[in-house]
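Report on one structure; see the data block that follows.
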Amino acid sequence: MLFKKVDLENSVQDVRIRDDRVLDVAVELVAEEGEKVIHANGGALLPGLHDHHIHMNATAASLHSLKCGPPDISSEEELAAALQIAAAERPQTWVRGIGYYPFKGNEENNIIDRDWLDKNGPDCPVRIQHRSGRLWIFNTKGLNAINSTGTSLGEDILSTGHIYDADASVYEALAPDPQNLSDLINLLLSYGITGVTEVTPRNSPEDFLNYLKHTAPLKMAVMGRPTLIDVIDKSTARVSVGHVKLHYHDHDLPSLETLTQEIEEAHAQGRGVASHCVTHAELLLTLSAIEAAGPSEKDRIEHAAIVTQDALDWIKQLNIGVVTQPNFIVAREQAYRQDIERDMHANLWRLGSFRKKEIPLAAGSDAPFGSFNPWQAIHAAIRRPAIFDDEETLSPEDALKLYTTEATNMRIQRNIKKGAVADLCLMHQSRSALFKDPKNAKVHMTLIDGKVVYKS
């Protein structure tokens, strides 16, 4: 396959693909007999994008779920109406909502509960997920459905309908069968995504084998439980075992000794850790434990939502990486203005500071909690809201690089050069036009291992 006149970093060249590799790159290549020729007319040819942080099953489920928070829903009245409409469209089935956020702030007493859903929602089982992913809110019929599976619910849950930090239990009770991932995979391919890192903490050997079976042609690194080491011999060039995922919150942080031991055990397996760090406390405990265990270049911080200057210096000293979500600073701007003190804004979802410190940096969507459209995140990295700027914006090229690092080693940038694996994304726009308005990017063609897997 020969691509004619593609924009490679503002240099128009031809690119030849043979089997699963880039065979040649030159200003002018002559088509061989029988060779398929793609006339790009100056469209940008990019390495295929990699989403470094996504929850595949939950994101697939979100495609058939009701959006219950800003910007789609902005009041309790709108939420009540939307729930009734959703139930009418799917009679006698669950209504599953996602993205809920209290409309008057994030105080506990502003969160809707079982009584609110019983009064304002439809007459069918309802469950709504808070946008943090930590809370499910059920109506009475929903709680009854949970009870019918033999899952024991405490008095507090039965009273409020609030189930905190039990996503695995809810999933096992209500969705024991794997999600159909084909619709999601097709959408990811349409954005130029050729690979993802699945980051769900509960991922087990059984989950890995399911992904191996049902996610072609998408490439995937699967992180999760330490027990994934049991199927590491099943890893392929397309689906591989990734990091041990550490997922703790402020209210249930382990001791330093316990966390250090978990990290040491991951390193003994030859795996790095990927630690969920949204708060300052979560980050400081993680950095302390990594330091105590002895850091590995494979270790990475997930999210890094709040990073002070001292923590930034510490991350650099430990020589570990960061996988963040640039899209949140735009998608949640209003909530951050409302809920985060002004003197903390400079520490929120940093980008430029990591780049200046030469800290390995990559990005993911955190879908379904964030949009899985990478072009929205690239746009946000280039054009952060002014109130959160503080020199944290990235150049267009650096923003793109967040999605073109190696899946298992973000220190390595993938480039289009002779011998490179032909995971590619051909855009309708030139590179300069693309970077002027990334959120409206148009993908013409996506290739994995030299094969066309999407074409607009």
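The values are calculated or read from the model by the stated rules, or taken from the named source; none is laboratory data. Since the model is a prediction, treat every value here as computed from it, not as a measurement. Quick reminder, even Gly has a Cβ in these numbers, built from the backbone with ideal geometry, and neighbours come from all protein chains shown.
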Considering only residues of region 120-132 that are assigned to a loop (DSSP other than H, G, I, E, B) and at pLDDT 90 or above, which is nearest to the chain's Cα centre (by Cα)? PRO125
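Can you name every residue in region 223-265 that is among the charged types (D, E, K, R) and in contact (Cβ under 8 Å) with a residue 12 or more places away in the chain?
Those that are among the charged types (D, E, K, R) and in contact (Cβ under 8 Å) with a residue 12 or more places away in the chain: ARG225, ASP230, LYS234, ARG238, LYS245, ASP250, ASP252, GLU262, GLU264, GLU265.
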Would you check if there is a residue in region 29-49 being among the aliphatic types (A, V, I, L, M) and either under 19 Å from the mean Cα position of the chain (by Cα) or on the phi > 0 side of the Ramachandran plot (or both)? yes
Given the criteria buried (at least 24 other Cβ atoms within 10 Å of the Cβ), aliphatic (A, V, I, L, M) and either at pLDDT below 95 or touching a His at 6+ places or on another chain (Cβ under 7 Å) (or both), does ALA386 qualify? no
Across (1) in contact with a Phe, Trp or Tyr (Cβ under 6 Å, 6 or more places away or on another chain); (2) under 26 Å from ASP233 (Cβ atoms), ILE263 clears everything bar (1)
Unmet criterion (only one of (1) in contact with a helix residue (DSSP H, G or I) (Cβ under 9 Å, 6 or more places away or on another chain); (2) hydrophobic (A, V, I, L, M, F, W, C); (3) in contact (Cβ under 8 Å) with a residue 60 or more places away in the chain) for ILE416: (1)
Are there any pairs with C-beta distances below 6 angstrom linking a residue in region 266-284 that is over 14 Å from VAL322 (Cβ atoms) to a residue that is in a loop (DSSP other than H, G, I, E, B), with the two at least 6 apart or on different chains, and if so which? HIS267/SER296
Selection from region 338-351 of residues more than 19 Å from ALA381 (Cβ to Cβ) and not hydrophobic (A, V, I, L, M, F, W, C) yields GLN338, ASP339, GLU341, ARG342, ASP343
Report whether or not ALA335 is within 26 Å of SER74 (Cα to Cα), at pLDDT below 95 and either crowded, with 22+ Cβ neighbours inside 10 Å or of a type in the set (A, V, I, L, M, F, W, C) (or both). yes
Here the residues within region 1-28 that are surrounded by fewer than 17 Cβ atoms within 10 Å (Cβ to Cβ), among the acidic types (Asp, Glu), modelled with pLDDT of 95 or more and within 32 Å of the chain's Cα centre (by Cα) are ASP19, ASP20
Let me confirm something: among LEU117, LEU135, which residue is assigned by TED's automatic domain parsing to the domain that holds ILE98 and modelled with pLDDT under 95? LEU135
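Give the number of residues within region 66-94 that are assigned to a helix (DSSP H, G or I), in contact (Cβ under 8 Å) with a residue 24 or more places away in the chain and of a type outside the set (A, V, I, L, M).
Counting residues in region 66-94 that are assigned to a helix (DSSP H, G or I), in contact (Cβ under 8 Å) with a residue 24 or more places away in the chain and of a type outside the set (A, V, I, L, M) gives 2.
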Starting from region 115-130, keep only residues that are under 18 Å from TYR164 (Cα atoms), then list their pairs with residues that are modelled with pLDDT of 95 or more and of a type in the set (Gly, Ala, Ser) whose Cβ atoms are within a distance under 6 Å, requiring at least 6 positions of separation or different chains. none
Taking the stated definitions as given, is GLY97 part of a loop (DSSP other than H, G, I, E, B) and not assigned by TED's automatic domain parsing to the domain that holds VAL22? no
Within region 362-396, how many residues turn out to be of a type in the set (S, T, N, Q) and over 17 Å from GLY192 (Cα atoms)? 2
Checking the condition touching a residue at least 24 places away in the same chain (Cβ under 8 Å), in contact with a Ser or Thr (Cβ under 7 Å, 6 or more places away or on another chain) and either more than 23 Å from VAL199 (Cα to Cα) or not hydroxyl-bearing (Ser, Thr, Tyr) (or both), which residue from ILE329, ILE306, ILE315, ILE359 passes? ILE306
Any pair with Cβ under 8 angstrom, 6 or more apart, that starts in region 372-385 at a residue that is at negative phi and ends at one that is among the acidic types (Asp, Glu) and outside any helix (DSSP H, G or I): PHE372/ASP51; PRO374/ASP51; HIS379/ASP437; ARG384/GLU392
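A quick yes/no check of all residues on (1) part of a strand (DSSP E or B); (2) touching a Phe, Trp or Tyr at 6+ places or on another chain (Cβ under 9 Å); (3) crowded, with 16+ Cβ neighbours inside 10 Å; (4) aliphatic (A, V, I, L, M):
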| site | (1), (2), (3), (4) |
| --- | --- |
| VAL170 | no, yes, yes, yes |
| ASN210 | no, no, yes, no |
| ALA221 | yes, no, yes, yes |
| ASP233 | no, no, no, no |
Return yes or no: is GLU32 surrounded by fewer than 23 Cβ atoms within 10 Å (Cβ to Cβ) and part of a loop (DSSP other than H, G, I, E, B)? yes
